[in-house]
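Peer 1: Got a structure here, written out as C-alpha cells. Questions coming.
The values are calculated or read from the model by the stated rules, or taken from the named source; none is laboratory data. Keep in mind it's a predicted model, so treat the numbers as computed, not measured. Ideal geometry is used to build each Cβ from the backbone, glycine not excepted, and the neighbour counts take in all protein chains shown.
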Amino acid sequence: MLGLECSARVLGATRPFGQIFDLTLVPPQEKSLVSLLKYALRLALSTDGLGPAALYSMSAGKILLLEYTYHPHRVISMSQTRKQKILGDVKKKRRQRTLTTLIILIALIAIVVVAVLTFHGTPNLVPLPDYLSHCVTGSIYHSHPNLTITINGANFPFPPSGTIDNGCQQPIHTHDATGVLHIETDQNRDYTLGDWFLLWGHRENNPTRAIFNSTQIFDDKAPVGGTHSLTMTVNGSPDTKFDKHVFPHNAAPSTALCVVQPCVQDDIVITYS
C-alpha cells in the first residue's frame, strides 16, 4: 500500500480518504504508472491481512480511496497457526514411529523367548552335576544295590516303569518298582546314595523328591531332639552315613543279578517314623 500511495502521489492524484480520483486526467507520460497503481490495488484487495484500501472502477478509470489499515497481527497469527499445524503433524508422526518400533521390539522379544523355551525346554528344578547329567553310552561296571524306604510303617513306592529319562540311561536308574538300583556307568568313579536321590528328583522335576540326609527324607523331617526319627541300616546294621553311603561296584541282592564275581550284598533300608 505504500507503493499505491506513492503511485497516487506521482500521478498527482493525492486526495484525502473518501475522495474520487479521475485517472483519465493523468498526463500521457505517466500512463505506465496507472497500470502500476491498478496492479497494486488488485493485490491489496486480494490479500488477507490488508484492510480495505481502495476501490477501482474499470469503466470510469477512477479510484475511490478509503481508509487503509494494515493488520500485521493477522499475517503473524496465520503464520503461527500453519507452523503449529506442521509441528503437530511432525510430533504425531514421531509418536506413531515410536509406537511402531516398540511393538516390533516386543514382538521380537516374545519370539526369542518362545524359541528358547521350545528348543531348550523349561529348566529342570533339580539341576544335576556333570557326572550325573549325561546319557551312558558304555559300561565300565554294573552294580545292583537294593533300597527299601519305609515311612510311618508303609513302604514308599518306586516308579513302576523305572527312572530311565526319555530314553537317556543315566548312571543310576531303576527298571521297575522292586527297589533294585542299577548302576551302569561309563565312568570309573564311585556313586553315593545322595546321587540316586538327585537323579530321582530330577526325573520327576521335583526338588522334594531329591531330599535325603540325616534329618529329612522328602518332606518328612526328623530334627534332633524331635518326636520323629530317621534311621538307616545297611545289610541289617545301623549306618549313619545316610546320603554319603557309597555303593559297591559289585553289589547284588541275589546271584541272578551278580554281573561281576564275586558280588557283595548292599541292602539299604531307610525308616522314618
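Peer 1: Which condition breaks for R203 when tested against (1) part of a helix (DSSP H, G or I); (2) surrounded by fewer than 20 Cβ atoms within 10 Å (Cβ to Cβ); (3) in contact with a His (Cβ under 9 Å, 6 or more places away or on another chain)?
Peer 2: (2)
Peer 1: So if I check each of T137, T122, T101, which one is of a type in the set (S, T, N, Q) and at pLDDT 90 or above?
Peer 2: T101
Peer 1: With the requirement that a residue be surrounded by 15 or more Cβ atoms within 10 Å (Cβ to Cβ) and either under 13 Å from I270 (Cβ atoms) or outside the structural domain of T255 (by TED's automatic domain parsing) (or both), what does region 151-171 give you?
Peer 2: If the condition is that a residue be surrounded by 15 or more Cβ atoms within 10 Å (Cβ to Cβ) and either under 13 Å from I270 (Cβ atoms) or outside the structural domain of T255 (by TED's automatic domain parsing) (or both), then I151, F156, F158 are the ones that fit.
Peer 1: Got at least one residue in region 134-150 being without any contact (Cβ under 8 Å) to a residue 24 or more places away in the chain and of a type in the set (G, A, S)?
Peer 2: Within region 134-150, none of the residues are without any contact (Cβ under 8 Å) to a residue 24 or more places away in the chain and of a type in the set (G, A, S).
Peer 1: Another one. For region 240-273, give me each residue that is of a type in the set (S, T, Y) and surrounded by 18 or more Cβ atoms within 10 Å (Cβ to Cβ).
Peer 2: Within region 240-273, Y272 is the sole residue that qualifies.
Peer 1: While we're on this one: Just for region 212-231: of the residues that are surrounded by 20 or more Cβ atoms within 10 Å (Cβ to Cβ) and among the aliphatic types (A, V, I, L, M), which one is nearest to V126 (Cα to Cα)?
Peer 2: Top of the filtered list is I217.
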